[in-house]
Amino acid sequence: MIKANDQNIKTWIEVPENSDFSIQNIPFGIAKVDNEVFVATRIGDTVINLYKVARLGHFNVAKEVFASCRLNDFMLLGKQATRDVRDEISAIFNATNELAKNKMELQEALMDISEVEMLMPVEVGDYTDFYSSEQHAYNVGCMFRDPNNALLPNWKYIPVGYHGRASSIVVSGTPLYRPKGQQKPKDDEPPVFGPCKLLDFELEMAFITYEGKAIGDSISTDEADDHIFGMCLFNDWSARDIQKWEYVPLGPFLAKNFGSSVSPWIVTLDALEPYRTEGSIQDPKVFDYLKCDGDKNIDIKLQVAIQPENTEETIVSNSNYKFMYWNMNQQLAHHTINGCNIKAGDMMASGTISGNDESAYGSMLEISWKGTKSVAMADGTERKFIADNDTVIMRGHAEKDGIRVGFGEVSTKVLPTK
Ligand code: MN
């Protein structure tokens, strides 16, 4: 039983209705106010400077980890220590804790979210992107190959993935330039060079790891939970025209590495435990090292909106993280079965998450079905892919029994080619 997950806990901090940041959430992020950078959590719209809280002697770990500009030092403490910190935060802000509420030094650690700039939460050492939603893999297979053989023969045996670029992962609010590169729009003509014309988002979630094991060792599906710190929203920006020309034979390269965007708050796997749900039936049977006990999928409602400049947004997708065929435990077990080591702060993205229904597709490639269908925007314009100065916003939250644990959003504006 994780103490901070107790549904009966109320907090003395005001929490707006439908806030993603209930007292049962207690995510971690990196905040900046004036020139001070610190590890923070959030309850409602209140951001809490955990370095100030640590200096009051509240946590059983070195206070310096909370003065860091990255969560990596905190994650290096391991699962039990970070769980204890989250439990202690829950106790401090519990509505029954009159002593804390009236403590002036603690009040000085609180500020409104509007006063804060959120920074990249993690120094990402290595980034891996999986391809674990069956509907997404099926849709792409239908479009580019053959509806009768949409899934490649390896797909139900291997959680397919590739190593991506860590340096260009940016936090929500950071604009990205439309990439340029080689494309081959016509089969019977030579390639052309120019700005990407088919710029796309990919609705994904990512998990962030604790320190793993030495090279040569593996993490089993049973052990995986102890190596996963938490999750964030992840937009795996994709240049479809560049991708189509370059991906053979080694996979995605410049079509993906110009940028990926993440939400600033890392919601712990602990906070998501109450929202576990059963996964897909896996047929054919998976290899022993990929077998899992218990419910390993998580019910997280996901949404994508496109907001053209100076106008209102239009929601283009409503999906759910529970649609994953391969779960995080299987992804991590597969990633390490060959002896590959993982480090604290590695980021592993799910792959585009598409549901069975058209309204749950997780990319414009699928929503516009390769550009054959337009999507109407609220301002009267239409989209097949993402236009310059559009902002793409992804949101996600889990909710059960009136308790909501969410991620806020990852919002990214696309600027014209530089
Ligand atoms: Mn992807």
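The values are calculated or read from the model by the stated rules, or taken from the named source; none is laboratory data. From a predicted model like this one, the values you see are computed outputs, not experimental measurements. Note that each Cβ is placed from the backbone with ideal geometry, even for glycine, and that neighbours are counted across all protein chains shown. Heads up: the accessible areas ignore ligands, DNA and RNA and are worked out on the full protein's heavy atoms, side chains in. Shrake-Rupley method; radii C 1.70, N 1.55, O 1.52, S 1.80 Å.
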The stretch 48-166: relative contact order from alpha carbon pairs under 8 Å, six or more residues apart, as a whole percent, is 24 percent
Considering amide H positions built from the backbone, and no H for Pro or chain starts, which residues 5 or more places from Ser317, or on another chain, come under 5 Å of its amide H?
-> Val304
Where the centre of each part is set by its Cα atoms, how far does the stretch 329-347 sit from the stretch 243-301, in angstrom?
-> 12 Å
For Gly408, enumerate residues with amide H under 5 Å from its amide H, sequence gap 5+ or separate chain, H modeled in the peptide plane.
-> Gly396
Please give the helix 134-144 orientation as an angle from the longest Cα principal axis of the chain, in degrees from 0 to 90, rounded to the nearest 10.
-> 30 degrees
Residue by residue through the stretch 394-409, which ³J(HN,Hα) values in whole Hz follow from phi under the Karplus form 6.51 cos²θ - 1.76 cosθ + 1.60 (θ = phi - 60°), with glycine and proline marked x?
-> 10, 10, x, 7, 10, 8, 7, 6, x, 9, 10, 10, x, 10, x, 8
Summing -39500 (n - 2.57) over the DSSP H runs of n ≥ 4 in the chain and dividing by its residue number, what mean residue ellipticity at 222 nm do you reach, to the nearest 500 deg cm²/dmol?
-> -4000 deg cm²/dmol
Between Ala40, Ala91, Ala271, find the one with the highest GNM mean-square fluctuation for the chain; connect C-alpha pairs within less than 10 Å.
-> Ala91
For the chain, what is the per residue volume of the convex hull drawn over the alpha-carbon atoms, in cubic angstrom?
-> 148 Å³
Shape call for the stretch 3-119, from the Cα gyration tensor axes a ≥ b ≥ c (a/c under 1.5 means rounded, otherwise prolate when a/b beats b/c, else oblate), comes out rounded
Restricting to the chain, what percent of DSSP beta bridges are antiparallel, rounded to 5?
-> 90 percent
Over the chain, with neighbouring protein chains present, the accessible area per residue in Å² at probe 1.4 Å is 44 Å²
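Calculate the all-directions average of the projected area of the stretch 136-257's alpha-carbon convex hull, and give it in nm².
Quarter of the Cα hull surface area: 10.2 nm².
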Give me the percent of the accessible area of the chain that comes from carbon and sulfur atoms, probe 1.4 Å, all protein chains in place.
-> 49 percent
Sequence of Thr11, Thr82 from largest to smallest accessible area, 1.4 Å probe | Thr11, Thr82
Sparse-neighbourhood loop sites, chymotrypsin sites (Phe, Trp or Tyr not before Pro) in the stretch 1-71 - DSSP loop, at most 15 other Cβ within 10 angstrom | none
Between Asn149 and Ser68, what is the label-to-label distance in nm when each label sits 7 Å out along the Cα-to-Cβ direction?
-> 4.8 nm
